[in-house]
1. So, R0 is 25 Å and r is the distance between the beta-carbons of residue 713 and residue 645; what FRET efficiency does that work out to, to 0.05?
2. Count charges around residue 737 for me, please; just the other residues with Cβ under 14 Å from its Cβ, Lys/Arg as +1, Asp/Glu as -1.
3. Which value, to two decimals, describes the C-alpha radius of gyration of region 684-733 once divided by 2.2 N^0.38 Å?
4. List the relative contact order of the chain as a percent without decimals, with contacts defined as Cα pairs under 8 Å and 6+ residues apart.
5. To one decimal place, what orientation-averaged projected area in nm² is obtained for the convex hull of the Cα set of region 563-708?
6. For the full complex of protein chains and a 1.4 angstrom probe, list 460, 564 by accessible area with the highest value first.
7. Report the accessible area of residue 181, computed with a 1.4 Å probe over the heavy atoms of all protein chains in place, in Å² rounded to the nearest 10.
8. Once fully extended, how much extra length lies between residue 139 and residue 590, figured as 0.36 nm per residue of separation less the alpha-carbon to alpha-carbon distance?
Amino acid sequence: MVEHRPSEPGTGIGAPLRRRETERFIQGAGTYADDVQLPNQAYAAFVRSFHAHARITGIDPDALAAARALPGVLGVFTEENWGDVLGARGPWPLAKGKVYHVGQPIAVAVAETRSEAQDAASAVVVHYEPLPALTDPEAAMQPDAPRLFEDMESNVPREMHLASDGLDDVFAGADHVVKARLQTSRIQASPIEPRAMVASYDAINDEATIWIAAKVVHGVRSQAARTLGLPETKVRVIAPDIGGAFGGKGGYGPEEVMPPVLARHLRRPVKWTEMRTEALATANHGRDLRHDIELALRSDGRILGLRDRIVGDTGADARGQASVTAAFLYMTGPYDIQDYGVDACSVATNKTAHGSVRGIGKADAAFCIERTMDIAARELGIDPAEIRLKNFVPEEKFPYLTPTGATLDSGRYAECLKMALDLAGYAELRKEQAALQNRPALRRGIGISFVIEPTGAARRGSGGGYGACRLKVELSGAISAYPAGGAQGQGHKTTVSQIVADRLGCLPENVQVFMSDTLVTPNGAGAGSSRTSQTVMPAVLVAANKLREKILRIAGHRLGMDPRDLRLEKDVIRGAERQITLREVIQIAYQDVDRLPPGEEPALEVTGYFINENHVYDFDEKGRRNEFSTYPYDATVAVVDVDIETGQTEVVKYVSVHDCGTMINPRIVATQHVGAIAQGIGAALFEEMRYDEEGKLLTGTFMDYLLPTAHEIPLLVLGHMETPTPFTPLGAKGAGETGTISAPCAIGNAIEDAIGVPVRQPPYTPERVLRAIQAGRAIPTGGASRG
């Protein structure tokens, strides 16, 4: 299906243009939700739970009255005020009757200033009856465990089971069975900008306008309209610049329900901006899945079958979050495995609920299979590169149907890994490793990983399977583009303008891109799941082609020529001997409509749609489906030095070769990938959301929840391949997550290669690595992953 052909060398599809948004951001000229300042604006702050699990027995009336009487306070609102005072529709969005995790909002205060609102919230006293906290998912799933949600039969909101026919016989006949228990640690997206919202209300027209740091403006509009009891045409939602999301900021959380309701009640704008301590306690958490995996192999390393038991700690969530589903579907990774069985469940606990975090579920699946591949290599005495090359899905088998129903679109896996090995100088690294192992305290380790990144999720009832874009040529000749979806720093304005310029023969600077405003942009599912390149960007191409064809039809009619014989070059449409300017075509389209071709509609405005057909929305009778549409991949070689006396790990070399199909803008792909690797290194070495036995958060600030700085990121050696997907006209796949997914696998494999004893859960902190060394025995004198 790949159809694009660049028409303006150096500026169109495939050109490494500098991101147009960069200069504005580095000059501090971005406009984020918290920068929106409206006349007479008030501020909201929330009363939050200090308990992980407790019944709310009441709110102290004297303290509530005192809070309402504080200077500058405009109101403190509780559940009792929801319908009668605030006039809102639907259920009270904050805690009702019980709290299920630390930081859960219970009431809201509004005041003239941010600090006055926070003072009022702090003055409210909530009375609780503490209940036992559930912090261990395997204990919480037992039949005799206290039920977290009283309307549920157990603490397991979702279970999934799948097994290939004859799987037990496959294991019984295997030469070798590898068993491992692995766990990913709980992390948080931690974008530089926390959540934020400003809401205003026009009482005369009964209309609300919302500025929000969110990926899905149309979804926010629908939910806000329902809560306010207004038609969607009366609610406008705008996403200004967004300071990162990484899976978060997906929609309308409990706190974000409140400002529009409060703005209408108070007849003045209301702003809420999340503090960092609130973000760490309440914004999406991710990972934290436990795996008991078994791999059946021949003695030569060929995989025969895979079994896994997944227990996901999805926090205070009664639905069963999608992370477990994604892990369930993609455990076989890039390997040619058809005999597969899995039993998976989401378990509710008294922690912050799971949500989308960069690589949701897919990172857990990759971590499990990639760590297990190295364990298998070690047990069989095979090089970890060799065992992967022996088991990859071969190029001739694509599109490849996995045992879970996923259709892997395209790939050159073996070539990609070999390229990474060559860039790393793998053979020389192994020789150096053997020579360096006699150092007194330091041990050198080499780790490999090869991950796929399922991108472009579409789910029944949630959307995500199509993209849209509206294009308009203005009377001046400038082009306005209105793509569906949004951006949180990816550079979408640049890539949209490149595609339009490529097809219309103009410069990207002539294309103005407007994003994330429900008044002007088409409906869309947002930029989550790295889906924009597979849905929205193809829709931009469709729209640009439609606009190009219309311009050529009008020009051809005026020149008396076949449109197929014309070329669109900047401001002129040229034929072999005749030409017409674009301005003349614009005048015909908008003013001299009697000169239009018969049956041609006036104006130069079109909307393009693209449906990605590589989705299967419903599970079949065996529990299979294809949730994602394209599958980029990454080969990584990581080299570490581990101090066996302190447990400290240093990444001394990091090589990554990435294939995301056609690169619309290679420069943007590279910067996305570097950022993803940095976030992956954070998950590998530093980041972990930790709770005590009472469900109290122990990592509630950046003093405890550690993020990597530039100092901790090694020099990265990057390579790129382009294997287009056959399912979109651009051939592009998602490019935002493979680096994040791969780092914990490769670094974990490298550390275990260095110390020779199991360390199976990130982050690989000095304490965790040292405990593993002390629990093990001999420190190796050579590569631990080789025979």
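1. Details: r = 25 Å, r/R0 = 0.99.
Plugging the Cβ-Cβ distance into 1/(1 + (r/R0)^6) gives 0.50.
2. Values: positive: 287, 358, 362, 531, 733; negative: 364, 453, 634, 659.
The answer is +1.
3. Numbers: Rg = 19.6 Å, N = 50, 2.2 N^0.38 = 9.7 Å.
Here the Cα radius of gyration is 2.02 times the empirical estimate.
4. Details: 2011 pairs, mean separation 128.5, N = 787.
For the chain, the relative contact order is 16 percent.
5. On the way: hull surface 82.3 nm².
For the Cα atoms of region 563-708, the hull's average projected area reads 20.6 nm².
6. Working: 460 150, 564 200 Å².
Result of the area sort, largest leading: 564, 460.
7. For residue 181, solvent-accessible area is about 110 Å².
8. Numbers: separation 451, 0.36 × 451 = 162.36 nm, distance 6.92 nm.
My answer for the length gained is 155.4 nm.
The values are calculated or read from the model by the stated rules, or taken from the named source; none is laboratory data. As the structure is a prediction and not an experimental result, all values here were calculated from the model. Virtual Cβ from ideal backbone geometry, glycine too; neighbours counted across all protein chains shown. SASA here: full protein model, heavy atoms, side chains in, ligands and nucleic acids out. Shrake-Rupley method; radii C 1.70, N 1.55, O 1.52, S 1.80 Å.
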